[in-house]
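The values are calculated or read from the model by the stated rules, or taken from the named source; none is laboratory data. Everything numeric in this text was worked out from a predicted model, so none of it was measured. For neighbour counting, all protein chains shown are included, and Cβ atoms are generated from backbone atoms with ideal geometry for every residue, glycine included. SASA here: full protein model, heavy atoms, side chains in, ligands and nucleic acids out. Shrake-Rupley method; radii C 1.70, N 1.55, O 1.52, S 1.80 Å.
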Amino acid sequence: MTGGEGTGIQEWLSRVRGEYWEQLGRAPQAPEAAAGAWVLFRLCGRRMALEASLCRAVVRRPRAARLPGLPPWILGVAGIRGEVVSLTDPAEYLGLRSGRPAGDGFVLVVADGAVKAGLWVDGVADVAPIPPGAVVPVDAPWPGCPPGAFLGHWSGPDPEQPVLLLDGRRYLAETAAGAPDQD
């Protein structure tokens, strides 16, 4: 899914889950049984994933109103579906410093309890079930990446380019609190 502008992520997840199980010739899973579902996205040429249970929507990247004194990975605030949401740049936070053009990409709106943010990503690709036993631990995968930013990696459909599993709860807590600069 690269364009689901305006489409509710939960509706999309439900549809994709149904299609997945239909292809396997099984009945669709109940939502509580799909706890291992991950939203796959692209960020600076890398494949990453975030727990689907944290995802609320995917929209085209809106303009953000920059606020003074924020770390460079907090781009400002934006109005998304009638709510003011902090817009963050996970590439900057993760030490990738991509220099992407400001208007490109999508925002993956995520929430954990009362904490909500929009993650600027290059595109959202799919939703996939990732079995916990298939996750391999990973240290900081490149210089400048905050320790513990990823829960691990999954070989996925292309073992040559593993999918990094972003710790979404940690990301939200650290970016919402304005964690110290990672330079």
Select from segment 80-90 the residues that are surrounded by fewer than 22 Cβ atoms within 10 Å (Cβ to Cβ) and either within 13 Å of the chain's Cα centre (by Cα) or closer than 23 Å to PHE150 by Cβ (or both) and list them in ascending order. SER86
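Answer yes or no as to whether ASP158 is outside any loop (DSSP other than H, G, I, E, B) and either among the small types (Gly, Ala, Ser) or open to solvent by 10 Å² or more (accessible area, probe 1.4 Å) (or both). Quick ask: steps written out before the conclusion?
Working: outside any loop (DSSP other than H, G, I, E, B): no; either among the small types (Gly, Ala, Ser) or open to solvent by 10 Å² or more (accessible area, probe 1.4 Å) (or both): yes.
Answer is no for this residue.
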Taking ASP139 as the residue in question, decide whether it is among the charged types (D, E, K, R), over 12 Å from CYS55 (Cβ atoms) and either modelled with pLDDT under 90 or open to solvent by less than 20 Å² (accessible area, probe 1.4 Å) (or both). yes
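Whether any residue in segment 33-46 is open to solvent by less than 40 Å² (accessible area, probe 1.4 Å), assigned to a loop (DSSP other than H, G, I, E, B), closer than 23 Å to PRO143 by Cβ and modelled with pLDDT of 85 or more is what I want to check.
First pass over segment 33-46, keeping only residues open to solvent by less than 40 Å² (accessible area, probe 1.4 Å): 34, 36-41, 43-44.
Then keep just the ones that are assigned to a loop (DSSP other than H, G, I, E, B); that gives 36, 44.
Going one step further and asking which of them are closer than 23 Å to PRO143 by Cβ, we end up with 44.
Those still in the list that are modelled with pLDDT of 85 or more too: 44.
Yes - at least one qualifying residue is present in segment 33-46.
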Taking ALA149, is it open to solvent by less than 40 Å² (accessible area, probe 1.4 Å), under 18 Å from ARG47 (Cα atoms) and touching a residue at least 12 places away in the same chain (Cβ under 8 Å)? yes
